Every structure is written in C-alpha cells, then in structure tokens.
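Heads up: the structure comes next, in structure tokens.
Readers should treat all values here as calculations from the given coordinates under stated rules, not as data from a laboratory. Since the model is a prediction, treat every value here as computed from it, not as a measurement. Methodologically, a virtual Cβ is constructed for each residue, glycine included, from the backbone with ideal geometry; neighbour enumeration extends over all protein chains shown.
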Amino acid sequence: MIENWPILSILIFLPIFGAFLILLIPNKINQEGEILKNSINNIKLVSLWTSIMTFLMTLLLSLKFNYTEKQYQFLEFYEWVPSLGIVYRVGLDGLSLPFIVLTAFLVPICILCSWNTIQHKIKEFMISFLILEAFIIGMFSALDIVVFYVFFEAVLIPMFLIIGIWGGVERIYASFKFFLYTLLGSVLMLVAIIYIIGKTGTSDLIQVLDYDFSKTEQLLLFLGFFFSFAVKVPMWPFHTWLPDAHVQAPTAGSIILAGILLKMGGYGFLRFSLPLFPDASLFYQPYIFFLSCVAIVYTSFVAFAQQDIKKLIAYSSVAHMGFVTIGIFCLNTQGLDGAVFQMVSHGIISGALFLAIGVIYERTHTRDINKLGDFATTMPKYSVFLMFFTLGSVGLPGTSGFIGEVLVLIGSWKVNPLVAIISGFSLILGAIYMLRFYRKISFGISENQDKYEIHDVNIREFMILTPLVIFTILFGIFPNIVLNFLKVPHFLILETFK
Amino acid sequence: MFTQNIINNYLQIPGIDGMLLAMPEIFIFCSTLVLMILDIFFFKEKSFKNTNKFGIFIIVIAFFLALLLPSTGVAFNGLYFVSELSTFFKLIILFLIIFVFLLSHNKADFEGIKFSEFNYLLLLSTCGMLILVSSNSFLTFFLALELQALPIYVMCALKKNDIKSAEASLKYFLLGALSSGFILFGISLIYGFVGSISFEQVSNISLKDNMGINFGLILILAGMAFKISSAPFHMWAPDVYEGTPSTITFFIATAPKISILGILIYLIYRVFSGIHGNLSDLIIVLSLSSMLVGSIGAIVQKNLKRLIAYSSIAHMGFILVGMVAFSEKGLHAIMYYLIIYLFLLTGVFAIILSLQKDDKPIELISDLKGLYNDHPFISICLLIFMFSLAGIPPLSGFFGKWLVFFSAIDSGFYILAILGVLFSVISAFYYLKIIRVMFFENSDTPLILDGNREIRFLINLSLFVSVLFFALFPIFDYLILNIRI
C-alpha cells in the first residue's frame, strides 16, 4: 500500500505542516507580559518532533532505495500549468538522496542547538526553520527546472529572516548582502531556464536532458547557470557574502548555511550544468580549475589571518568548496565521487565546527581568537569534541574529510597534475590554520580567562555533538555508505561526455 | 449561451444590439444620475455611506452585466467594439472599483474625503474606463479618455484644505491635459494621413513608411505613456501619489492604468499591426527607461507612497516587456501580471490605510518601525507582499515576472530580458528595506491598527492570492488562455 503513496511530497510538506501546527500554538502571555514557558516548550517540542519525523522518513526512503536502478525513484508527476509545459515532477536518485538525508539530519541539530540561545520570537524562528527545511528538501528532489528554481530561490526568504532577525550586530548588512548577492546570481539562471523551456517546449528535466543544445547555446546557457551556482558554492571571487553571512547568522543559521545551502551550488552543477551542457563543461574546465585553485590557496591564507573564529571557519569553507568544484569538473568517477563525498563530509564537519563555536560563544560571548583559550582544562570534554572536528576539517585519514580530498586529488591528477599539486599543497595550509585555531582555543592562554563562568558541555550539547562525531568517523572508515549511492548517477553523468 | 439565446429570439429590435453590448456602461451612467437625485432628496446625513453602498451595488450589477451579456460585437456604427479581451479588462476594472469602494467605506472620514461626490466621480470615471477599453474609433477613444480622467482630477483635489493635495491635483491636471493634447495632435495627424478616425479603416491601410502616421503614433504613444506613468513621462507620479489621500492613490495607481493598457494593447496589436517593427523599438525604450528610473529612483525615497510610485513605474516597465513582442504569450503575460499586481497593491494599500501613528496616517517608511512587535500578522502580510513585489518564488510576483520575461525571450529579446531581471534585483533592494524597517528595527511610539472588516477582508484576500498563486495558476491558465486579441 505504501508504495503508491506520494511519499516524497509528504516528506517535502511535512515540515510545512509542522510549521502550520506551530502557528496554531497560542502565545499565551502572563501578567508580566512574557510568553508562558508552557507554550514556548510546546513550540520547541513540535518543531523538534517534526524535524525528527522528517529525518526518520528520509532514513526510510534510503532503506527502500534501490542502488542499481538507473531511473529516478519515488517519482511523482502532476500536471501543473499545461499551456507552458510546466509539471510538478519530483523524484530521487543516488545524487539527491544523500543531501536530503543530510538536510534532515542537520535540522533537528539546529533546532536543538537553538533551544536556549534563541530568546525572542522563538515561534517565528522555528517556523522559518521548518519552512527552510521544506524548501531545501523540495529543491533537492525537484526534477522539473521550474520547480527547482522556485525552491532554489524560495530558500532565500527564510534564510534572510533568520540572519536578519536573530543575527548579530551587523545582521542587516549581512542579510542584505546575502539576499541580493544570491538573487543577482540566480536571476541569470532564470533567463537561461526560460530559454531552455522556449527551445525544448517543456521544463521536465527528463525530457530536457534528451535535447542537444548547440555549442554556442551551451556556452551561454552554462554561464547563466554558472553564476547562480558559483555564488551559492561560493567560488572565488563570488564568495564575499559568505563570511559576513556566517559571522552574523545565529549558530543554527550558520550550521544550515555551511551544511546545506553551500551544497545547493555543487548539487546544481552536478544535476544541471554537467548533463545538460557537456561541451561547455569541457570548455570551461580550465577556467573553473583556475578559480578553484585560487579559492583554495587564497582563502587558506585569508583564514590564517582571521581573528574571528567564525570567520575563520567561513573562509575554510570556501577553501573546502574549492575542492568540490575541482572534483566536479574533473569529469571522471573519482573526481565526482570525491566532490559529493567532500560535500557531505563538509556538511557534517563544518556544521559541527559552527556548533562548537556556538557552544563557546554562549559561554564567553566573544569569538575573538585572542580572548579565548585554555579550554582543555576548563572544558575537557568539549576539547575532545573540537579535536575530532578540527582533525576532520584538516583531512586526517580515518575522518570523513580525508576521503573526499584524496578522491578529488586522484581525480584531478588524471586530468591536470598541476591542479592536483596546487590543491594537495594547500592541504598543508588547511592544517596550519586549523591547528593554529585548535592550539589557541584549547591550549592557549587567554587574556581575560577568569571573567567567564565556564562549565563543560551539558547533556543537550553532548547529545547533539555525539552523532556528529560518530558520522565524521563512520564515513571516514566506511565511505561506501555514501559512495554506493553515487555509482549509478555518476556513471550516467559521465556517459554524456562520451 | 442562455442569454445569447434570449437576445437572439426576443430582443431583435433594430439598434438594441448595440445598446446591449454597451449595457454595463449605460447602466453605470444612468444609475449614477439616479443616485445623485436620491442623494439630494433622501440620504441627507448618511450621504457618504449610503452613496458608497449604492456604488458597490451598481458596480456589482455592472460586473454581472459585463460577464453575462454577449461578449463580442461591434455597435453604434463601428464606434464601439466588445471583444473577449475588452471584457476581461472591464471585469478587472470593475473588480478593482469594488476594492476602492470597500477601502473608502470607513476610511474616507479619516482621510478627509468624506464627500458623496467622491462616489459619483468614481462611478463616472469607471464608466469612462469601460468605454475606453471598448472604443473602436479615435473619437470614442478620446472622449472616453477624458471621461475617465476629468473626475480623477477633481478627486485628487477633494481634500480641499490640504496644500499637498491641491498641488498634486494641479500637477496631475496640467500634465494630464498636456498628454491629452499630445494624443489629440497625434489623432489629428493620423486622421490627416488616413482620412478616417475609425480603427478598422486605419488598420486596413498600409502604414509602413508613412512619416505622418508614424509621427502621430509616436505622439499618441507618448500621451499614453504619460497616463500609465512610464518613464520618461513619469514625473507626475511620485508627487501625485504623495499628495493624494491613500484611497485615491490606490485608485490612480491601478484603474486608469489598466484601462489605458487595455486600449494600448488593442491599438498596437490590432490597429497599428502594420508597423510593429518601429513600435517595438519605442516600447523597448519606454520599458527599459521605466525599469531604470523605477528601480534606481526608489532607492533614495523616504516617503512610503513615493516609493510605491517609483515601484509602480518599475512594474510598468516589466509589463511593457510583455508588449514588445506583440505575441499572444506576451498578451497573456500582461494579463497575469495585471491580476497579480492588482492584488498586491490592494494588500499594500489596505495595510497603509489601516495603520496610524499619532492619529495621523503613516507617511514615511520609518513610520513602519517596529510594526512587527506591535502587529505581527499585519507585518507578516506586508512582508509577503514585499517579497512578492520583488518577485521571489513561490509568491505570486515571481510568476508574473517570469511570464513576462518568458514572452520576451520566446521572441528573441534576450538583452531586454537580461537587463530586466537585473533591474528586478535592484528593485528587490528597496522592498527589503521596508522589511528591514518592519522587522529589524524598533520604535518607541506604537503603531495603531485601525482595520475594519472590509480592510481585513481585502488584506486576507490579497494574502491568499499572493501566497497560493501557484495553486491558482492552473485555474488562471484555463481562464486566460481562451482570450485572444
């Protein structure tokens, strides 16, 4: 019976349903004008359980998923606007499923980590977050270009509000920059999408994939898609919105931004740019390699110079995403596998690092690397957690960061050894700034240490940090958990290049 | 179909067919006259409220007349023409006038325009608009244009003691009269070269390389660009919007523009179909300059209604993008855009009208400070309208923008489309600015929400349409697709 259910649509709309339920919870106010604790608790619990349900559903999906099937699975198809050839088509393949599971995994963590940190407008925060989750899952499962675009841009609305309302001091500037930068990138994709629909007469991805665009068309259309994905990834020199957004966003916002929103760009490249425009991808390959190498080396140096630890991690994200774009445009199996694996592992590790920063920020209210230190004695458990994530970010063998980087290096060596040498060299740079970060935080001596009342991680933080550590190591030892999903879709992508 | 049968079988009196085609207009006009007499003798104290209620009643009846009576035909010796397209525009306009009546119902007192004349003028202007969209000769066209415009000049000046209102009215009148002069001069040129003022005869004559006709057409286009406030003929809009009471601003910002767009579409799709090449360049210039002026001019605005004026200039630019290609897709895109934009503006103006600060209507953008803390629901509505105006999916504004650019790209206007979407990003900036003021900033003086039932209804309706437009899309798709030029 369950086979015929529109299980994917249920998954997309479940968080929206949860948000609707939260909307119905009344904000009861006591005599002092404060919202009653009871209703706040209800709001938090409903959002937590909705997100956990969503996560369980994605696990169910991945259990029922067939690795060897070449077609999209859990397909759903409804006519939407017949006269324009737009259909509501959603489905999953091995490429989108890992991202959906990652999203559904990170959202409960975000909700738990903002349990006490978000003090005002908690109802609106949870609603924005659940709607954000729904849009992201919709985007990863869309198989119609217009549906994809709708979800892709809709993500901006809740994210803008999350940064703008619950962000730091400079939140207005950061939210505007984030919104306008990404909007500017994606409107060009809109033009490209409209052109494709005009040419092929449909926006259904499965049919569009069969259409052969001429070389000139490919070169131009590729650029239209490229700008929007490059801003999202973000590639150098389109990355300047990222540090601002990260620094100003609340912890949960940073986690979702680094963990998932950056992956939308890489996913877009894999889902649209490569299969639709193979000639153009080959043509632009050297330029993208160049941009990615600059990104890796340059942002590593920039990260080394940061005083603000959140900014440091933000720049390291740009460097890690540089590996992803190199891997994608290697156009061979190792490169693609490495890129997707790097995205998944970066989603976990950078999310965890932002979470860890949030934990100290809650206690010390500073993110200045010089004012922090000696957490190895004051917060020993925390230091152990942080070590795992730091080493994962460095790419130590045995952590998930290693697998992705090595696969990308192998893939790029096959195409262009110089790129492999430069990016391999920069692994050392990554180790330098991350280990400096860890040394200062855990073992360094801070200027105003005694001012803070520091207690070690509490049970809630322990509960959300533990699964992140487990997955960091699990994926490092058994990478096939993720890689199994990717075999067929990557084979199909590479087939268009033959 | 049923009404058609009745008409064919029982009402075959010579001349009556023309009367039937023009029935909505005739009905509105006659009942306005009756209403005036009723008002003088019976309404006395409740003069405004009663005329307002009767006004709604009249418009609703006219709406059904326009909906049910035969929808195609030529009447009055070719002076008058009804097609599905003109019926569509009539229905939209009538719908809109109902909104204007509802908005003014309780707010007229607060805004200082509580004169029953407001209602008569509104009805007369509506009558002019309906005639305008179905005029089939330059004579009807010009007369209807003046019939719709003259009451509006008076309406702008209704708030007698307010100096800004007087300035706005005078400015609107002078520039409106100037543009009418342009149009009249253009018509006279065309009459001189064609020898007829009938649309049918003009469209039958080969117009290609005739300097006189081209020149006349440019003059007509310029005059109409004045009236739809398309740049570079937009100067009156910010001042007039700022000076007039909000109910009337809402009326000026929507109804006359829709009716003029309706006849403009008919003129350039049908009447001047021989010279599309030249026309297309002109419209591209109008459209690009409107987008430029609208999106850049709005950035520095501090007054809320001036900002809306600039934003409406930018939106007019987007609407004109749909017109450059002269394709059916473009026509449908414009229709969608008008419906979507109409609901958004209704929502925005309903919110502006319902808010007060220190017993005064809000004027500046900074008056919206802290709206979120005071009235969460209203501010979330305004947030959705702003995102929708900025064209962010999945809200309704995105679909309008998308369809318009679709029609342009479909006909090969790539550069125009790319520039258009870039301008739309610039214009997103000032919509975000309003959201910022509402959500991210706080203020000491609280905003007072004085929304009555009608206004709440309008806000909810607009919210419904703009959020759930993606679900209504197939329905609109079915309704609009059947309408051809």
Greater than 22 Å apart at Cα, pairs in A:K215/A:K487; B:K107/B:K164; A:K215/A:K414: A:K215/A:K487; A:K215/A:K414
Burial ordering of B:C30, A:C110, fewest other beta-carbon atoms within 10 Å first: B:C30, A:C110
25 Å Cα cut-off, lysine pairs counted over region B:261-401 (separation 8 or more, or different chains): 10
Separation in nanometres of the label points that stand 7 Å from Cα toward Cβ, at A:R436 and A:F77: 5.6 nm
Size descriptor, Kirkwood hydrodynamic radius, that averages inverse alpha-carbon separations across the protein assembly as shown, Å: 30.4 Å
Residue among B:G112, B:A177, A:A280 farthest towards the positive dipole end of the protein assembly as shown, charges placed on Cβ: B:G112
Distance in nm between pseudo-label sites at A:D308 and B:S196 (7 Å out along the Cβ direction from Cα): 7.2 nm
FRET efficiency, 1/(1 + (r/R0)^6) with R0 22 Å, evaluated for A:N66 and A:L492 via beta carbons: 0.90
Cβ-placed point charges (K, R +1; D, E -1), dipole of the protein assembly as shown about Cα centre in debye, nearest 20: 800 debye
Estimated dipole of region B:289-485 in Debye, rounded to 20 [Cβ of Lys and Arg +1, of Asp and Glu -1, Cα centre]: 240 debye
Entries of B:K46/B:K159; A:K28/A:K121; B:K90/B:K257; B:K49/B:K227 with Cα pairs more than 23 Å apart: B:K49/B:K227
Positive minus negative residues near A:V101 (Lys, Arg vs Asp, Glu; Cβ under 15 Å): 0
Over region B:289-485, relative contact order from alpha-carbon pairs under 8 Å, at least 6 apart, %: 32 percent
Note, ³J(HN,Hα) from phi for region A:236-245, Karplus 6.51, -1.76, 1.60, rounded to Hz, x at Gly and Pro: 5, x, 9, 8, 5, 6, 5, x, 4, 4
Taking B:D162, B:D444, A:D337 and counting other C-beta atoms within 10 Å, the order from fewest to most: B:D444, B:D162, A:D337
Extension gain (nm, one decimal) between B:L139 and B:F95, 0.36 nm per residue minus Cα-Cα: 13.2 nm
Stretchable slack from B:L364 to B:L67, in nm (0.36 nm times residue separation minus alpha-carbon distance): 102.9 nm
Least to most buried among A:H320, A:H239, B:H375 (fewest other Cβ within 10 Å first): B:H375, A:H239, A:H320
Positive dipole terminus of region A:260-370, leading residue within A:V302, A:G351, A:T364 (C-beta point charges): A:T364
Region A:339-430, relative contact order [Cα under 8 Å, separation at least 6], %: 32 percent
Within chain B, helix-based [θ] at 222 nm, where runs of 4 or more DSSP H residues each add -39,500 (n - 2.57), nearest 500: -25000 deg cm²/dmol
Integer Hz, Karplus 6.51/-1.76/1.60 couplings in order for region B:453-465, x for Gly and Pro: 4, 4, 5, 4, 4, 5, 4, 5, 4, 5, 4, 4, 5
Hz values of 3J(HN,Hα) by residue in region A:360-371 - Karplus curve (6.51, -1.76, 1.60), Gly and Pro given as x: 6, 4, 4, 8, 9, 6, 9, 10, 6, 5, 6, 8
Relative contact order (%) - criterion: Cα under 8 Å, at least six apart; region: chain A: 14 percent
Percent of alpha-carbon pairs separated by more than 17 Å within region B:342-441: 56 percent
Estimated [θ] at 222 nm from DSSP helical runs (n ≥ 4, -39500 (n - 2.57)) normalised by residues in chain A, nearest 500: -23500 deg cm²/dmol
Spatially proximal aspartates and glutamates relative to A:K232 (Cα-Cα < 16 Å; intrachain offsets below 8 disregarded): A:E153, A:D244
Residue among A:N38, A:I445, A:I25 farthest towards the positive dipole end of region A:2-495, charges placed on Cβ: A:I445
Chain B, dipole about Cα centre (Lys/Arg Cβ +1, Asp/Glu Cβ -1), debye to the nearest 20: 260 debye
